[in-house]
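*Asks:* The following block contains the structure, expressed as structure tokens.
The values are calculated or read from the model by the stated rules, or taken from the named source; none is laboratory data. These numbers were taken from a predicted model, which means no experiment stands behind them. Note: ideal-geometry Cβ built from the backbone for every residue, glycine included; neighbour counts use all protein chains shown. All accessible areas refer to the heavy atoms of the entire protein, side chains included, with ligands and DNA or RNA removed. Shrake-Rupley method; radii C 1.70, N 1.55, O 1.52, S 1.80 Å.
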Amino acid sequence: MAESERTARRTGDGLLPEHSVLSLEEYLAMQRSIGNETRFRVLNALVEEGARSASELRDRLDVRSNALHYHLDELVDVGLVENRKRKEPDADGLYSYYRATSLGEGILRHGVRELMAREWDALEEYS
């Protein structure tokens, strides 16, 4: 491999299309974000069950409210989850809810979950 190719790979050049919507750093920040078990579980719940309020997520995942909000903020900051506001409260009086973005769904489905599915497939094949 030529030195310029090695340098390009190290710096991220050539890994993304020339006019990529996101930078390599942004993609890596997303990946790091779901490397945390709580954030992975939050994103997984939002992808599997759809939009949820923070209190619904807190009850579903049995996470303290302040810890949950910390992890939700991280997921929102990297673009994997969005916080939406209702114009009118729902039946419980809640105005705010969270939902996975298309990037959040994509990184979950084609990242860690795909690896997990492959492990299940291998176990079935060789059992």
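*Asks:* Only one residue in 33, 96, 20, 4 is surrounded by 11 or more Cβ atoms within 10 Å (Cβ to Cβ), among the polar types (S, T, N, Q), out of contact with any Ser or Thr (no Cβ under 8 Å at 6 or more places or on another chain) and at pLDDT below 90. Which one?
*Replies:* 20
*Asks:* If you don't mind, there's one more thing I want to ask. What's the total number of residues in the stretch 113-123 that are at pLDDT 80 or above and among the small types (Gly, Ala, Ser)?
*Replies:* Looking only at that region, the number is 1.
*Asks:* Yes or no: the stretch 66-83 includes at least one residue that is of a type in the set (D, E, K, R), in contact with a helix residue (DSSP H, G or I) (Cβ under 6 Å, 6 or more places away or on another chain) and open to solvent by less than 40 Å² (accessible area, probe 1.4 Å).
*Replies:* Checking the stretch 66-83: not a single residue is of a type in the set (D, E, K, R), in contact with a helix residue (DSSP H, G or I) (Cβ under 6 Å, 6 or more places away or on another chain) and open to solvent by less than 40 Å² (accessible area, probe 1.4 Å).
*Asks:* Can you tell me which residue among 71, 110 is modelled with pLDDT under 95 and either within 16 Å of residue 35 (Cβ to Cβ) or among the β-branched types (Val, Ile, Thr) (or both)?
*Replies:* Numbers: 71 fails: modelled with pLDDT under 95.
110 is the lone residue from the list that is modelled with pLDDT under 95 and either within 16 Å of residue 35 (Cβ to Cβ) or among the β-branched types (Val, Ile, Thr) (or both).
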